[in-house]
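Some notes on the structure that comes next.
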Amino acid sequence: GLFLLSQNNRLAKKIMYLDYKKHLNAAQYEAVTAKDGPALVIAGAGSGKTRTVVFRMAYLVERGVGPGNILLLTFTRKAAQEMKNRAEELLQKKLTTLSGGTFHSFAFSILRKYSSALGYPNGITIMDSTDSEDAIKTVKQDLDIGKKDRSFPKKKTILGFLSKSRNKELDLEKILEKEAFHLRNYLEDLQKISSAYAAFKKDQGLLDYDDLLFELERLLRENPDILELLQTTHKYILVDEYQDTNRVQARLVKLMAGEAGNVM
């Protein structure tokens, strides 16, 4: 424990800090107690990565960082919830204002709040995979493409190609060259479907799963005031499995971290 005495010594307040050295090995301790600024933690399987993230959150809170100023980004909701629960157990208090979730769920929460700034005055509607496949089917029929051709890719396959092209930020042609060279003869038709699908979403005021990240990036780049607010709110950003981030996710982290760069 640590005792803080008031200047006139009439008041003494006991603050019990976690014994980090007792619960962590040297490498984990170094990561958990890292100073402000960017930090990359290399963690192999079984090295206690989750434990390190959990103790890092607890460490920040104990050092006076408001839980609402911490943003935990993971690749599954379950992982975020587990880490948050474990941090609450360590601190013996609820961290209700701590933001934790996937990149996509975080993006949705922000876009929903500022939809009008993006040109969606009636709010945003998110398409699930079934909605997206139905939209692909509709535009394919409208374009009169692939009828009676059993070799033409199915709507789910088409959607997969479009999603990979978007997330990897590569032309559809390069995606086919890498993953489905036998379908290159359909490139022109698939490009037409891609353009029609994008137009369909815009006309209907819809966003699919992949749009969330790119629309959040557009929101932040076009609205410096909103970006500044997010930077002020999320002063410390923790990203789990950072090696799996794609280019737009990495750009979002960099944008939100701002000049302070408190990213782990």
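The values are calculated or read from the model by the stated rules, or taken from the named source; none is laboratory data. Here the structure is a predicted model, which means the values were calculated and not measured. Positions of Cβ are generated from backbone atoms using ideal geometry, with glycine treated the same way; all protein chains shown enter the neighbour counts. When the accessible area is computed, the model is the full protein with side chains, heavy atoms only, and any ligands, DNA or RNA have been set aside. Shrake-Rupley method; radii C 1.70, N 1.55, O 1.52, S 1.80 Å.
From 71, 60, 40, 95, which residue is in contact with an Asp or Glu (Cβ under 8 Å, 6 or more places away or on another chain) and either open to solvent by less than 20 Å² (accessible area, probe 1.4 Å) or assigned to a loop (DSSP other than H, G, I, E, B) (or both)?
Sole residue among the options that is in contact with an Asp or Glu (Cβ under 8 Å, 6 or more places away or on another chain) and either open to solvent by less than 20 Å² (accessible area, probe 1.4 Å) or assigned to a loop (DSSP other than H, G, I, E, B) (or both): 95.
Give the residue, chosen from 238, 219, 190, that is under 24 Å from residue 255 (Cβ atoms) and out of contact with any strand residue (DSSP E or B) (no Cβ under 8 Å at 6 or more places or on another chain).
219
What about residue 259, is it touching a helix residue (DSSP H, G or I) at 6+ places or on another chain (Cβ under 7 Å), open to solvent by 60 Å² or more (accessible area, probe 1.4 Å), more than 30 Å from residue 123 (Cβ to Cβ) and of a type in the set (Asp, Glu)? Here the answer is no, as residue 259 does not meet what is asked. Being surrounded by 20 or more Cβ atoms within 10 Å (Cβ to Cβ), touching a helix residue (DSSP H, G or I) at 6+ places or on another chain (Cβ under 6 Å), over 25 Å from residue 158 (Cβ atoms) and in contact (Cβ under 8 Å) with a residue 12 or more places away in the chain is a property that holds for residue 219.
Identify, from the list 81, 28, the residue that is open to solvent by 70 Å² or more (accessible area, probe 1.4 Å) and at pLDDT 95 or above.
Details: 28 fails: open to solvent by 70 Å² or more (accessible area, probe 1.4 Å).
Checking each option against the conditions leaves just 81.
Checked against the criterion of being open to solvent by less than 40 Å² (accessible area, probe 1.4 Å), under 30 Å from residue 51 (Cβ atoms) and in contact (Cβ under 8 Å) with a residue 40 or more places away in the chain, the candidates 226, 237 yield just one match: 237.
Cβ-Cβ distances below 7 Å connect the following pairs, each with a first residue in segment 160-185 that is touching a residue at least 24 places away in the same chain (Cβ under 8 Å), a second residue that is outside any helix (DSSP H, G or I) and open to solvent by 90 Å² or more (accessible area, probe 1.4 Å), and a separation of six or more residues or different chains: 165/171. Would you check if there is a residue in segment 241-248 being surrounded by 16 or more Cβ atoms within 10 Å (Cβ to Cβ), among the charged types (D, E, K, R), under 20 Å from the mean Cα position of the chain (by Cα) and farther than 23 Å from residue 123 by Cα? Scanning segment 241-248, I find no residue that is surrounded by 16 or more Cβ atoms within 10 Å (Cβ to Cβ), among the charged types (D, E, K, R), under 20 Å from the mean Cα position of the chain (by Cα) and farther than 23 Å from residue 123 by Cα, so the answer is no.
Working only within segment 228-250, note down all residues that are in a helix (DSSP H, G or I) and under 18 Å from residue 109 (Cα atoms). Give the derivation first.
Filtering segment 228-250 for residues in a helix (DSSP H, G or I) gives 228-233, 242-244, 247-250.
Result: 228, 229, 230, 231, 232, 233, 248, 249.
Within the bounds of segment 94-117, is there any residue that is in contact with a Lys or Arg (Cβ under 7 Å, 6 or more places away or on another chain), among the hydrophobic types (A, V, I, L, M, F, W, C) and in contact (Cβ under 8 Å) with a residue 24 or more places away in the chain? Yes, the conditions are met somewhere in segment 94-117.
Let's see how each residue does on (1) among the hydrophobic types (A, V, I, L, M, F, W, C); (2) over 21 Å from residue 142 (Cβ atoms):
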| site | (1), (2) |
| --- | --- |
| 175 | yes, yes |
| 180 | yes, yes |
| 184 | no, yes |
| 187 | yes, no |
| 195 | no, no |
| 199 | yes, no |
| 206 | yes, no |
| 209 | no, yes |
| 217 | no, yes |
